[in-house]
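Just below is one structure, and these are the notes that go with it.
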Amino acid sequence: MNAAASAPAAAGGAMGAGLWSSLLVTVLALAFVLALAWLFLRLLKRATTLRSADGRAPPQVVQAVPLGGRERLVVVRDGGHEYVLGVTAASVSLIDKRLAAQAAQPDDAPTG
């Protein structure tokens, strides 16, 4: 009876070891998938940053003036230029383009 009594105990120990190894494999697989997701998101963030090839800053909206429900006038600065754009629901139109230094000085400044 001793051999018969020890057989179920050995089988229970083997099942417990199998359970722990399965749990360990599952945890390692989950850690691997999470590490891949983190790496992918990091690479995606680096790839989608708005920088040009020469490292300039992205275009910057200086001012936006609403003209109607879905229309607006937008001033955008990119590099050394400022662009005045007319933005509607259907299109974007270039209205004016000038150097940023010229844009800082008003065109029709009152004299004297």
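The values are calculated or read from the model by the stated rules, or taken from the named source; none is laboratory data. Just so it is clear, the structure is predicted and the values come from calculations on it, not from any experiment. For neighbour counting, all protein chains shown are included, and Cβ atoms are generated from backbone atoms with ideal geometry for every residue, glycine included.
Structure summary
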quantity	calculated
Test: LEU94 is aliphatic (A, V, I, L, M), in a strand (DSSP E or B) and loosely packed, with under 12 Cβ neighbours inside 10 Å	yes
Flag if ALA57 is within 21 Å of ALA101 (Cα to Cα) and out of contact with any Pro (no Cβ under 8 Å at 6 or more places or on another chain)	yes
ARG77 being assigned to a loop (DSSP other than H, G, I, E, B), in contact with a strand residue (DSSP E or B) (Cβ under 9 Å, 6 or more places away or on another chain) and modelled with pLDDT of 85 or more	no
